[in-house]
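**Student:** Below is the structure I would like to discuss, written out as structure tokens.
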Amino acid sequence: MIRNVVTGRLKPDADIALLDEGLAGIVALGIPGMTDVKVGRDAGLRPGNWDFTIVADFSDVAAYRAYDEDEEHNRLRREIFGPLSAEIARIQIEF
């Protein structure tokens, strides 16, 4: 199993409605081999946290690569997450 964890810090003028659209778009991708996906904005429980996260599980490396190369996923990156974010951090963990 591959777990992909993405977290982002928004630019000060970021459009939260557009962020929510992007997060919903990730959930709606329906990539074969994506076994679970959770997305959300920070709950504000601790100062200094980043603003949003995406946690997605994949059955194997091939499923993760299909997600990483998916046209709609890359459109969301390019048109929503990239412009809204000051920083994005990613990690993939293999279990």
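The values are calculated or read from the model by the stated rules, or taken from the named source; none is laboratory data. Given the structure is predicted, the values throughout are model-derived calculations rather than measurements. Counting neighbours? That spans all protein chains shown, and the Cβs are built from the backbone with ideal geometry, glycine included. For accessibility, only protein heavy atoms count, side chains too; no ligands or nucleic acids. Shrake-Rupley method; radii C 1.70, N 1.55, O 1.52, S 1.80 Å.
**Student:** In region 42-92, carbon and sulfur make up what percent of the accessible area (probe 1.4 Å)? Intermediate values should be presented prior to the final figure.
**Tutor:** On the way: 1500 of 3100 Å².
So the carbon and sulfur contribution to the accessible surface is 48 percent.
**Student:** Whole-Hz Karplus ³J(HN,Hα) for region 49-66, in order, using 6.51 cos²θ - 1.76 cosθ + 1.60 and θ = phi - 60°, x for Gly and Pro?
**Tutor:** My calculation for region 49-66 gives 5, 6, 8, 8, 9, 10, 10, 10, 9, 10, 5, 6, 4, 4, 5, 4, 5, 4 Hz in order.
**Student:** Which one, Asn49, Leu29, Ser85, is farthest towards the positive end of the dipole of the chain when Lys and Arg carry +1 and Asp and Glu -1 on their Cβ?
**Tutor:** Farthest towards the positive pole: Asn49.
**Student:** Now a separate question. Would you mind getting the accessible area per residue of the chain, heavy atoms of the protein chains only, 1.4 Å probe, in Å²? Please list the in-between numbers first.
**Tutor:** Details: 5660 Å² over 95 residues.
So the chain comes to 60 Å² accessible per residue, rounded to a whole number.
**Student:** Further question on the same structure: When the chain is treated as a GNM, springs tying every alpha-carbon pair under 10 Å, which of Leu45, Leu19, Leu76 comes out with the largest mean-square fluctuation?
**Tutor:** Largest GNM mean-square fluctuation: Leu45.
**Student:** Computed over the Cα atoms, what is the radius of gyration of the chain divided by 2.2 N^0.38 Å, N being its residue count? Mind dumping the intermediate values first?
**Tutor:** On the way: Rg = 13.1 Å, N = 95, 2.2 N^0.38 = 12.4 Å.
Working it through for the chain, the quotient is 1.05.
**Student:** For Thr35, list long-range residues whose amide hydrogen, built 1.01 Å from N in the peptide plane, is under 5 Å from its own amide hydrogen.
**Tutor:** Those qualifying (amide H under 5 Å, at least 5 residues apart or on another chain) are Asp57, Phe58, Ser59.
**Student:** Another one. Below 9 angstrom from the Cβ of Met1, what's the summed charge of the other residues (Lys, Arg +1; Asp, Glu -1)? Before the final figure, lay out each step's value.
**Tutor:** Numbers: positive: Arg3; negative: Asp57, Asp60, Glu94.
That works out to -2.
**Student:** Which one of Gly30, Gly44, Gly82 has the biggest mean-square fluctuation once the chain is modelled by GNM with Cα springs under 10 Å?
**Tutor:** Highest fluctuation of the listed residues: Gly44.
**Student:** Sum -39500 (n - 2.57) across every DSSP H segment of at least 4 residues in the chain, then divide by the residue count to get the 222 nm mean residue ellipticity, nearest 500. Numbers along the way, then the final one.
**Tutor:** Numbers: 3 runs with 27 residues, N = 95.
So the calculated ellipticity at 222 nm is -8000 deg cm²/dmol.
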